[in-house]
Amino acid sequence: MKNVTVIGGGTMGNGIAHVFAQYGYEVCLVDLSTEILDRALTTIGKNLDRQVAKGILSEEEKTATLQRIHPMTDLREGVAGADLVIEAATEQIDVKLQLFAELDRYAPGEAILATNTSSISITKIASATKRPQQVIGMHFMNPVPVMKLVEVIRGYATLDAVCQRVIDISRRLDKVPVEVNDYPGFVANRLLMPMINEAIYALYEGVSGVEEIDTVMKLGMAHPMGPLQLADFIGLDVCLAILRVLHEGLGQPKYAPCPLLVNMVTAGKLGVKSGEGFYKYTPGSKELVVADRFRQ
Ligand code: CAA
Ligand code: NAD
């Protein structure tokens, strides 16, 4: 297996392309426009620079990694020679169903079609294809070059051999695969999102402020980021989409998204990727500044 295609070059797709290319795979990176792809390549370049600065990679390895990433906007061309496709497009069921129907049409018959979905049923996504036995969840964590975990999720029809291949590939990328079953949010987000949602409720109900809530979890529970900063980092639109899948799929009121989260996404405040969420983000600055709306 040598040729990998990543669909979507956003927060996750650029990290997934980065890691596969770093480990020697040829990677086609497909997104909707050249501007988005340029941004993805700039991000990958910056993250490779961090690895060079830390001595993880040499300058030559950085250059070779970038040369193995081939950006393109034509999905049909992008998947034509793929052994493995990893879909990392927007967390919306309609987007995924349409993409998987196209992937099934244009990718080679023996290719594995994986999705990086955070929460959506793998069995449902597989139903858009005529090869559900080759469809699987390969759920990387953010930031992909740093986080070790890959949740591996079989759909109803996924073959054991396909699952084993994805486990082997994850290990080859120096990741730790964990197999989980196909239920809403799998394990990672079934546990993480209720915590994030509860932190947003605590803010919404005036229990405490943004920095205070995050400080409690950072210094009290040794989390590397507080839940509100983590929500910004993941993307508030992604958090909302996941909570809606949990709420609808598990049918319990405890998963209902906080109205403040809904309002922020409606207002276009999506966190790091839009420049503002619970905090404000200035490119190049590592300072954590609470958004004006939440200053006390
Ligand atoms: N690419 C490459 N390297 C990166 C990187 C990236 N995108 N981001 C950070 N790094 C590296 C840094 O170079 C640094 O390396 P060293 O340890 O060798 O010095 C290291 O990671 C730590 O980075 P920083 O010093 O810049 O910052 P930090 O100490 O605050 O760590 C962090 C950053 C690793 C992101 C840390 O804050 C963290 O672990 N946060 C929580 C992340 C998390 O919970 N992720 C899961 C999100 S949920 C999810 O992904 C599932 C879903 O479906 C929503
Ligand atoms: P994002 O919004 O940052 O990026 C999504 C990208 O997909 C955008 O660049 C968009 O232009 C592209 N896209 C949308 N429709 C497309 C299409 N038809 N063809 C090609 N590209 C298309 O989202 P993200 O945070 O990178 O999330 C991507 C996937 O990864 C989602 O399923 C999400 O749930 C999952 N995920 C996200 C995180 C996270 O922390 N953000 C972590 C793990 C998994």
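The values are calculated or read from the model by the stated rules, or taken from the named source; none is laboratory data. What you see is a predicted model; the values in this text were computed from it and never measured. Heads up, the Cβs are rebuilt from the backbone with ideal geometry, glycines too, and the neighbour counts pull from every protein chain shown.
Here are the numbers for this structure:
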item: Any chance Leu66 is within 16 Å of ligand 1 (Cβ to nearest atom), among the hydrophobic types (A, V, I, L, M, F, W, C) and over 26 Å from Gly155 (Cβ atoms); result: yes
item: Test result for Leu260, part of a helix (DSSP H, G or I), buried (at least 19 other Cβ atoms within 10 Å of the Cβ) and not basic (Lys, Arg); result: no
item: Flag for Glu287 being at pLDDT below 95 and either more than 23 Å from the chain's Cα centre (by Cα) or surrounded by fewer than 21 Cβ atoms within 10 Å (Cβ to Cβ) (or both); result: yes
item: Qualifying position, being assigned to a helix (DSSP H, G or I), closer than 26 Å to Met147 by Cα and within 15 Å of ligand 1 (Cβ to nearest atom), among Ile213, Ile242; result: Ile242
item: Residue in region 181-189 that is on the phi < 0 side of the Ramachandran plot, in a helix (DSSP H, G or I) and surrounded by 16 or more Cβ atoms within 10 Å (Cβ to Cβ) present; result: yes
item: Failed item, numbered, when Val19 is tested on (1) under 21 Å from Val146 (Cα atoms); (2) not in a helix (DSSP H, G or I); result: (2)
item: Selection from region 227-239 of residues that are part of a helix (DSSP H, G or I) and either in contact with a Leu (Cβ under 6 Å, 6 or more places away or on another chain) or not hydrophobic (A, V, I, L, M, F, W, C) (or both); result: Pro227, Gln229, Asp232, Leu236, Asp237
item: Number of positions in region 112-149 that are of a type in the set (S, T, N, Q) and within 11 Å of the chain's Cα centre (by Cα); result: 6
item: Selection count, region 270-280, where residues are crowded, with 20+ Cβ neighbours inside 10 Å and part of a loop (DSSP other than H, G, I, E, B); result: 3
item: Sole residue being out of contact with any Asp or Glu (no Cβ under 8 Å at 6 or more places or on another chain) and not assigned by TED's automatic domain parsing to the domain that holds Lys286, chosen from Leu75, Leu41; result: Leu41
item: Single condition Pro224 does not satisfy, out of (1) in a helix (DSSP H, G or I); (2) within 12 Å of ligand 1 (Cβ to nearest atom); result: (1)
item: Some residue of region 148-157 being surrounded by fewer than 22 Cβ atoms within 10 Å (Cβ to Cβ), within 11 Å of ligand 1 (Cβ to nearest atom), among the β-branched types (Val, Ile, Thr) and under 29 Å from Leu57 (Cα atoms); result: no
item: Residue match in region 91-110 (condition: within 12 Å of ligand 2 (Cβ to nearest atom), surrounded by 19 or more Cβ atoms within 10 Å (Cβ to Cβ) and without any contact (Cβ under 8 Å) to a residue 60 or more places away in the chain); result: yes
item: Tally, over region 17-42, of residues that are in contact with a helix residue (DSSP H, G or I) (Cβ under 7 Å, 6 or more places away or on another chain) and closer than 17 Å to Thr90 by Cβ; result: 5
item: Filter pass, Ile196 being more than 12 Å from ligand 1 (Cβ to nearest atom) and aliphatic (A, V, I, L, M); result: no
item: Among the candidates Ala82, Ala64, Ala21, Ala17, residue that is in contact with a Leu (Cβ under 6 Å, 6 or more places away or on another chain), more than 10 Å from ligand 2 (Cβ to nearest atom), of a type in the set (Gly, Ala, Ser) and in the same structural domain as Tyr106 (by TED's automatic domain parsing); result: Ala17
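This table checks each residue for (1) farther than 30 Å from Gly271 by Cα; (2) of a type in the set (Ser, Thr, Tyr).
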residue: Val135; (1), (2): yes, no
residue: Asp174; (1), (2): no, no
residue: Tyr183; (1), (2): no, yes
residue: Leu192; (1), (2): no, no
residue: Gly206; (1), (2): no, no
